[in-house]
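Enquirer: My questions will all concern the structure given below.
The values are calculated or read from the model by the stated rules, or taken from the named source; none is laboratory data. Just so it is clear, the model here is predicted, and its values are computed rather than measured. Keep in mind that these areas ignore ligands, DNA and RNA; they rest on the heavy atoms of the full protein, side chains included. Shrake-Rupley method; radii C 1.70, N 1.55, O 1.52, S 1.80 Å.
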Amino acid sequence: MQMEQSIAHGVEVIAPKRHLVFAYYVSGHGFGHATRVVEVVRHLILAGHDVHMVTGAPDFVFTSEIQSPRLLFRKVVLDCGAVQADALTVDPIASLEKYSQMSVLPRASVLATEIQWLNSIKADLVISDVVPIACRAAADAGIRSVCVTNFSWDFIYAEYVMVAGSHYRSVLQQIAEDYSHSEFVIRLPGYSPMPAFRGVIDVPLVVRRLHKSREEVRKDLGVPDDVKLVIFNFGGQPAGWKLKEEYLPAGWLCLVCGASDNQELPPNFIKLAKDVYTPDLIAASDCMLGKIGYGTVSEAMAYKLPFIFIRRDYFNEEPYLREMLENYQGGVEMARRDMLSGCWIPYLERAVNLKPCYEGGTNGGELAAHILQDTAVGKNCVLDKTKVRRLLDVMVPGCQPQKVPGNDILVPDWHTLAENKLGLHN
C-alpha cells in the first residue's frame, strides 16, 4: 500500500494514503479517559483521518487541543464507570445498578442503534476507552475494534460484586464477553490485570503536550517564580470541602481545579476556569494534590511534578498507578483525614524535596495512532494472541478484592464463558 508523509505542528506523520474513518467511544467516568484520548485523536487527525467521538465529555476537552472539521462529536454515553458521591467516595452497588440500567437491560436496542450508526458513517475501526458494549457493536457490524486503556471495567467491578452480591455477576460476565470481541488492547503504563483481552501491545505514557512554558503560565497568573504553587486537582469537589488560608505555608498559593461557581476561596487559593488547560498548569506548579488516576499520574510523571495523593476505596486501578508513581520517586500519600482537616503543610514540605525521575517515553499517543491506522487497513499488529486468563490467576497478592463475610463469590467464573466461546483454554 502506498504511504504519504507530512509534517504538521512539528510532528512527522506517516499515514496510509487511504482516508480512514474512526469511531472512538469514551467512558462516561470523569474527564481522565477523555483527556488521554485527545492525544491519540490528535495524531489520527494530523494523519488526515476522520474521528467520530462518542462521548459525554464537554467539547472543550478536545477542541482546546484539536481544531479540525475532521473531529466530529456524538453525545452518547454507553457506560457509567464508577458512581461517586464525591471525588473520593465510590458507591459500588449504585455503580453496578447504573451500568445495568444503561448497557445491560436495554442491550438489544443499544446494539441495534450502534450498529446502524457505525454502518452509516462507514467506520473502518472502532476504538474504545474503555466502553465494553462498543466492542460487541463493532463485531456485530462487521468492524474490527481495539481498546486503548490501562484498566478494564471487569476488573474494577469485580470488587463491587463482592459487596453487592452474586445477582450482579451477570454484569461482569457481559462486560468480559464484550471485551473479548476486540482485536487486542493497546495497554498503557501502570496497567492493572485485563484478562478478558486476547492480545496486548504496550505503548509508553499517553500525555497531552504543553502549550506554554512555566514562565509564560506564571506570568499569565501573575505569580512570581519564587512563589510555591500547588495545584489542587480532584475534578469537581463538593461544596462541603472548605479550603482555608492556614492550610498552606506562608508564601504558597494553591490553584484549584473544578471549583463550583459559588465556592468562596481564601486569598491564597486561586479558582481556575472550568475549561483551563491543566497540563500547562501542572508543569508550572511545584507539586500537585489530588486523587490517583491515569491522567493525573501520567502528567505528573511526564512533567516531573511531585504528587501528593489521597486514596480512594473501591477502585482497583489505584495500586498499579501508585506503584508506578512511587517507583519513579514522585508520590507522597496524604491521609484523608489530614486533607479534610487542613493538615497539609508537612506533606507539601516533603513533596517539594522529592526528585521525580521518570525518563521514559511520553509519545504513547503517537504510537497508538500508528497502530490503530495499521489495524484499520487490515494489518495484523498482534501476531500471537494471548490466551484469556482467569481473573484470580492474574491478581497481584495484596490487591485482590477483599471478600465480604457471607458473600464469598467466585468472580473468576465469568471469564470461563468468554474462554469457551473463543475456544481458548489454559
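Enquirer: Which shape class, rounded, prolate or oblate, goes with segment 59-113 when its Cα gyration tensor gives a ≥ b ≥ c as root eigenvalues, a/c under 1.5 marks rounded, and past that a/b bigger than b/c marks prolate?
Expert: Numbers: a/c = 5.79, a/b = 1.37, b/c = 4.24.
In terms of gyration-tensor shape, oblate.
Enquirer: Per residue, how much accessible area does segment 29-71 show when a 1.4 Å probe rolls over the protein heavy atoms, in square angstrom?
Expert: Values: 1230 Å² over 43 residues.
Computed with neighbouring chains in place, this is 29 Å² per residue.
Enquirer: Per residue, what accessible area does segment 82-123 have, given a 1.4 Å probe and all protein chains present, in Å²? Mind showing how you got there, number by number?
Expert: Numbers: 1980 Å² over 42 residues.
So segment 82-123 comes to 47 Å² accessible per residue, rounded to a whole number.
Enquirer: Another question, if that's okay. Tell me the relative contact order for segment 41-162 as a rounded percent, counting alpha carbon contacts under 8 Å between residues six or more apart. Each step should come with its number before you reach the end.
Expert: Details: 129 pairs, mean separation 21.9, N = 122.
Value for segment 41-162: 18 percent.
Enquirer: Tell me, what is the per residue accessible area of segment 221-319 in Å², probe radius 1.4 Å? If you can, show how the numbers build up before the last one.
Expert: Numbers: 3640 Å² over 99 residues.
With the other protein chains kept in place, segment 221-319 gives 37 Å² per residue.
Enquirer: Counting only protein heavy atoms and a 1.4 Å probe, tell me what percentage of segment 73-220's accessible area is made up of carbon and sulfur. Spell out each step's value before the answer.
Expert: Details: 2510 of 4960 Å².
Carbon and sulfur together cover 51 percent of it.
Enquirer: Something else now. If you rank 153, 117 by how much accessible surface each has, with a 1.4 Å probe, what is the order from largest down? Spell out each step's value before the answer.
Expert: On the way: 153 0, 117 40 Å².
Putting 153, 117 in descending order of accessible area: 117, 153.
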